[in-house]
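Colleague: Just passing along the structure, written as structure tokens.
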Amino acid sequence: MKRLTFHPCGNYKEHYGQELAIFETDFGRMWAIIGIALLFGAVPFISSPYFLYVLNMTGIAAIAALGLNILIGFTGQISLGHGAFFGVGAYAGAILATTVGLPFWAAVPAAGIVTALVGMVFGIPSGRLKGLYLTIATLAGQFIIEYILVHWDSLTKGTMGIMLPAASLFGFEVNTDLRFFYVIFVSLTCVTLVASNLMRTRYGRAFIAIRDNDRAAEGMGIPIFFYKLLSFGISSFYAGFAGALWAYYMRAISTEPFTLGLSVEYIAMVIIGGLGSIPGSIFGAVFITGLNESLRFVTDAMMNFPALSGFGLNMASLREFAFGLAIVLFILIEPKGLAEVWRIIRSTFRLWPFSY
Amino acid sequence: MENVQNETLLQINNISVVYSDVIQVLKGVSLKVPRGRIVSLLGSNGAGKTTTLKAISGLLKPENGKVTDGGIIYDGRNIQNQSTEEITRLGIIQVLEGRQPFKYLTVEENLKVGTATRWTKPYKKDLELVYHYFPSLTKRRKTLAGYCSGGELQMVVMGRALMAHPKLLLLDEPSLGLAPLVVKEIFRIIKLINEEQGTTIVLVEQNANMALQIATWAYVMENGKIVMEGEAETLKQNPDVKEFYLGVGAGGATRSYRDVKSYKRRKRWL
Amino acid sequence: MEFFFQLLINGLSIGLLYGLSALGFVMIFKSSSVLNFAHGQLLAIGAFFFLVLVSWLELPIFVAFLITLAGSFVLGFAVERIFLRPLIGESLIFVIMLTVGLASMFKGLLLFFFGGNLQTYPEFLPQSMAIQLGSIYIPPVYVASSLMGGIFLLLFGLFFKYSPQGIFMRSVADNQTAAMSLGVHVKKVFALSWAIAALVASMSGIVLGIINGINVHEISSIGLKVFPVVILGGLDSIGGAIIGGIIIGLLETFTSGYISPSLRDVIPYIVLVVILLIKPYGLFGLAEIERV
């Protein structure tokens, strides 16, 4: 059976394999490969160190956002604790690297697993709670984890923070932005593949069934509590993995960043990107990180002008305003997210000039 | 007098409806509803019956649908693409498919919501009227609607609509998922409401047999078009309708599903 | 023992405040099932609006109070009109996310205009409102806020149970499409509930400001406290909000009094999770009726 090169003008699929294919056409696969090649071959060499740093942060955020999208977008369980799970990952990575002395390649996935376990513990309420009540239970998780991170001095060194050793992989010191770029983006490519394949398995289908109607899913014989926990676990694994990468990249961590604000940022990424869309999570991460960085850039620029520096001080509060405004405008203009924008652009080209 | 009776209350002229600017569901539907009569709209799933009702009642908008062509004239006014608030205040009330009660409100509170179009006026008499038509609701007054049975819910949602003093009632599959006896009862009441209150009714149904018994005129829809229309009595005798909707073979005997093979033999009127 | 009673009184009054702050939140939830993350900011806006009128413009207290209420009513109305109306019919999570965006917008604006410092109202409640019970002293603010809480609880209860608008609001929360098909003015219902919510919020904001002083961060964080309060009581129960508030208030004061002050801020959440595991819809919430 020859694979299709172009999109057919109807549904001519003959077996399930075609329905499930990640790339519907050879064109799609080709573009994806070209994109990845450009990303690894060209992008790092033409970008400035600062831009590379922004890219790296985006990559880390994208991994965590992917995880959250599995939970919210595919399983339909809204979690407000993702920022805290990211923090758990960062701390797990740091503690495994310093106190336990694991090497980089082992510490990061191990941190992911630790976080997955923690996430499953906080996912237990999902067995009884639904909808907004569950959302608030995860909010409780966020605050409880934050409290533990600050007050479990013997393990987390409290507000002092932890310094991490330099990462090394296969004998290479991963110490520059460029080297981290490869580590982060290879990981991102892998976890994206895992996520999109996951959604094609029985597990992914069970998640989607639970999202669409959990009672009906239960009636079909899907053990929903198990799958909900699993979804919490996978999503927290992604968060923990990203957190540990972040800890290594920053080299020093403290308890401050892992607040409710961070959780909200991740939810913003998932929603702005597009719920239940794998590329959407990445779009969302790019958008939010980009927004944060450009707002900071503007504020810094204003601080450097002596005439404006007084005003620039106030700008810090306006940054929060602009962040909120961007989210609000986005939701008002295209609530289905960037993934939908992308889809509309593509199908407009494909179907032009007849829209239906 | 006869003249007034036959005056057209609602006229739909060749409308087409498009969802999300992409999916065309109705492709030129025209129909007429005479004042004070019951008009039935038949057709298989996805034929566009519900969409037609929603086009009339203005409920397309929240679903991102739009009437792109043609016109809907009600009582001499053009009402296509107006908001539901305005349309309901003109006296058009739609009873949604699948019984959508307010689950957390008691039966009586459900009925009170029906007064939304005229909530400043007294409604005690109307409550009594609804309980008169649906006596089994009387003892359920204070029960949360979520705990009522399917038949009772159908009565609640119809009673709720009656509270609004509708001139035109759009009923979407009132028999859905109900026991045959309950269906009979519901249809008896529909007929009664029509006769006693003079309410004009558009009835969308899968149960063609029952619908044709109480309707005076009927339309058959398929694929977003009207493919047949006529007096209910005439349609009942039509061999195609008989075979596909009433399950009666050409010879008059009830046929088993094995013989029908409707997916193969089904006639398309395109 | 005296320590215990003082803690009890403190806890009760703080709890009542939480409950009062939660009322507006429940209002919005009851009519539109939206979790309003900008609630803390609505509280703060009310408090600052009153501050501007009283301290800067030096209006008489009563006039300032009325203007604040009217102003916040209009604000709530405007917020609904501008930001929430376009989202009618969209999935809830978008609306919730929108309120998150609104929260940071409002917070940014407040910080821009008023800065992050603590400000206070001039003293204006008459000392005669204070109550002395043996050795226990209840300051006038607490008396005033209990009175207000009681009155509003009663008003809201009656409103939702008997008034047509109250029933319409509940019907919209229950099934928006069905309400629309019956001609309920869904937009009007939303606008009204936001306006009333903002009004109640600004009132609670003023009371909070009298007790703790006015600080953007401080008051905004009360907005988050509202979550355990309302969930504990059950999201849609107005009486539950007050009782939930009192439970949380007592928990906080007793934990910080007897165990450790640092545990004070997490204890509500720990108890919340435990209670939710036993009663998934809070203490007084309606169990979800599901029919598949």
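Bear in mind these aren't lab numbers, they're just calculated from the coordinates by the rules spelled out. Keep in mind that this is a model prediction, so the values were computed, not measured. Cβ atoms come from the backbone with ideal geometry, glycine included; neighbour counts cover every protein chain shown.
Colleague: Could you size up the charge dipole of chain C around its Cα centre, putting +1 on the beta carbon of Lys and Arg and -1 on that of Asp and Glu, and report it in debye to the nearest 20?
Modeller: 580
Colleague: A further question on this structure: Count the DSSP beta bridges whose two residues both fall in the protein assembly as shown, then state the antiparallel fraction as a percent rounded to the nearest 5.
Modeller: Of all bridge pairs located within the protein assembly as shown, approximately 65 percent are antiparallel.
Colleague: Here's something else I'd like to know. Could you list C:LEU75, A:LEU71 in order of exposure, starting from the residue whose Cβ has the fewest other Cβ atoms within 10 Å?
Modeller: Arranged by neighbour count, lowest to highest, C:LEU75, A:LEU71 become C:LEU75, A:LEU71.
Colleague: Then there's this: Within 10 Å of each Cβ in B:81-87, how many Cβ atoms from other chains are there, averaged over the peptide?
Modeller: So the per-residue partner count for this stretch is 3.
Colleague: For the residues B:GLU108, B:GLU63, what sequence is obtained by ranking on other C-beta atoms within 10 Å, fewest first?
Modeller: Placing the least packed residue first, the sequence is B:GLU63, B:GLU108.
Colleague: So if I take the centroid of the Cα atoms in region A:70-131 and the same for region C:154-169, what is the distance between those two points in Å?
Modeller: That distance is 44 Å.
Colleague: Among A:ASN197, A:ILE234, A:THR259, flag the residue with its Cα farthest along the positive direction of the charge dipole of region A:48-351, charges on Cβ as +1 for Lys/Arg and -1 for Asp/Glu.
Modeller: Final value for the positive-end residue is A:ASN197.
Colleague: Further question on the same structure: Could you tell me which of A:GLN142, A:GLY123, A:LEU178 has its Cα farthest along the dipole of region A:62-199 towards the positive end, charges placed at Cβ (Lys, Arg +1; Asp, Glu -1), taken about the Cα centre?
Modeller: Farthest towards the positive pole: A:GLY123.
Colleague: Tabulate in residue order the Karplus-calculated ³J(HN,Hα) for region C:37-47, using 6.51 cos²θ - 1.76 cosθ + 1.60 with θ = phi - 60°, rounded to whole Hz; enter x for Gly and Pro.
Modeller: 6, 8, 4, x, 6, 4, 4, 5, 4, x, 4
Colleague: Just tell me how shielded A:91-103 is by partners: mean number of partner chain Cβ atoms within 10 Å of each residue's Cβ, no decimals.
Modeller: Per residue, the average neighbour count from other chains is 0.
Colleague: Something else: Dipole magnitude of the protein assembly as shown about its Cα centre, charges +1 at Lys/Arg Cβ and -1 at Asp/Glu Cβ only, in debye to the nearest 20?
Modeller: Charge dipole of the protein assembly as shown: 2420 debye, to the nearest 20.
Colleague: Mind ordering C:45-53, A:191-199, C:209-217 by average Cβ neighbours within 10 Å, highest first?
Modeller: C:45-53, C:209-217, A:191-199
Colleague: Any chance you could check the Cα centroid distance between region A:247-300 and region B:1-65 for me, in angstrom?
Modeller: First find each Cα centre; the distance between them is then 48 Å.
Colleague: Can you list residues whose amide H is under 5 Å from C:ILE131's amide H, if they're 5+ apart or on another chain and H is modeled 1.01 Å from N?
Modeller: Counting only residues 5 or more places away or on other chains, the set is C:ILE138.
Colleague: Per-residue ellipticity at 222 nm for chain B, helices alone: DSSP H runs ≥ 4 residues times -39500 (n - 2.57), over residue total, nearest 500 deg cm²/dmol?
Modeller: Estimated from H runs of four or more residues: -9000 deg cm²/dmol.
Colleague: Determine the sum of side-chain charges near C:ALA198: Lys and Arg each +1, Asp and Glu each -1, restricted to other residues whose C-beta is under 14 angstrom from that of C:ALA198.
Modeller: That sum, taken over residues with Cβ under 14 Å, equals 0.
Colleague: Per the helix-only calculation at 222 nm, which mean residue ellipticity applies to chain C, given -39500 (n - 2.57) for every DSSP H run of n ≥ 4 and division by its residues, nearest 500 deg cm²/dmol?
Modeller: -23000 deg cm²/dmol
Colleague: All other residues with a Cβ under 15 Å from the Cβ of B:LEU90 taken together, and with Lys, Arg as +1 and Asp, Glu as -1, what is their net charge?
Modeller: Once all neighbours under 15 Å are counted, the net charge is +2.
Colleague: Give me a single rounded figure for A:331-340: the average over its residues of other chain Cβ atoms within 10 Å of their Cβ.
Modeller: Mean number of neighbouring Cβ atoms from other chains: 4.
Colleague: What are the ³J(HN,Hα) couplings of region C:239-245, residue after residue, when phi is run through the Karplus curve with 6.51, -1.76, 1.60 and θ = phi - 60°? Round to Hz, x for glycine and proline.
Modeller: With coefficients 6.51, -1.76 and 1.60, one gets x, x, 4, 5, 5, x, x Hz.
Colleague: Can you give the FRET efficiency for A:THR201 and A:LYS130, using 1/(1 + (r/R0)^6), R0 = 30 Å, r = Cβ-Cβ distance, to the nearest 0.05?
Modeller: Step by step, r from the Cβ atoms, then E = 0.75.
Colleague: Same structure again: Hey, if you drop one equal point scatterer on each alpha-carbon of the protein assembly as shown and run the Debye formula without solvent, what base-10 log of I(q)/I(0) do you get at q = 0.06, 0.08 Å⁻¹?
Modeller: Here the Debye-derived log intensity ratios amount to -0.50, -0.88.
Colleague: From the gyration tensor of the Cα coordinates in region B:98-165, what semi-axes in whole Å does the equivalent ellipsoid have, largest first, with each one equal to sqrt(5λ)?
Modeller: 18, 12, 10
Colleague: Just going by the charge dipole of region C:154-274, with Lys and Arg at +1 and Asp and Glu at -1 on Cβ, which of C:PRO228, C:MET180, C:TYR258 is farthest out on the positive end?
Modeller: Selected residue: C:MET180.
Colleague: For region A:48-351, with only Lys/Arg (+1) and Asp/Glu (-1) charged at the beta-carbon, what is the dipole magnitude about the Cα centre, in debye rounded to 20?
Modeller: 840
Colleague: Got a sec? How would B:CYS148, A:CYS190 order by Cβ neighbour count within 10 Å, fewest to most?
Modeller: A:CYS190, B:CYS148
Colleague: To the nearest 0.05, how large is the calculated FRET efficiency for B:SER149 and B:ARG89 if R₀ is 30 Å and r is the Cβ-Cβ distance?
Modeller: Given R0 = 30 Å and the Cβ-Cβ separation, E is 0.40.
Colleague: Hey, can you grab everything whose amide H is under 5 Å from the amide H of B:ARG37? Only 5+ residues off in sequence or another chain; H modelled, so Pro and N-termini drop out.
Modeller: Here the answer is B:ILE201, since their amide H atoms fall under 5 Å of that of B:ARG37.
Colleague: Would you mind counting up the charge near A:TYR248? Only other residues with Cβ under 14 Å from its Cβ, with Lys and Arg at +1 and Asp and Glu at -1.
Modeller: Neighbour charge sum, excluding A:TYR248 itself: 0.
Colleague: Spelling out what I want: for every residue of region A:82-98, take phi, set θ = phi - 60°, compute 6.51 cos²θ - 1.76 cosθ + 1.60 (Karplus), and round to whole Hz; glycine and proline get x.
Modeller: 5, x, 5, 5, 4, x, 4, x, 4, 5, 4, x, 5, 5, 4, 6, 8
Colleague: Membrane-span-like helices in chain B: DSSP H runs reaching 15 Å or more (Cα, own axis), mean Kyte hydropathy at least -1.0?
Modeller: Flagged H segments are B:150-162, B:180-197.
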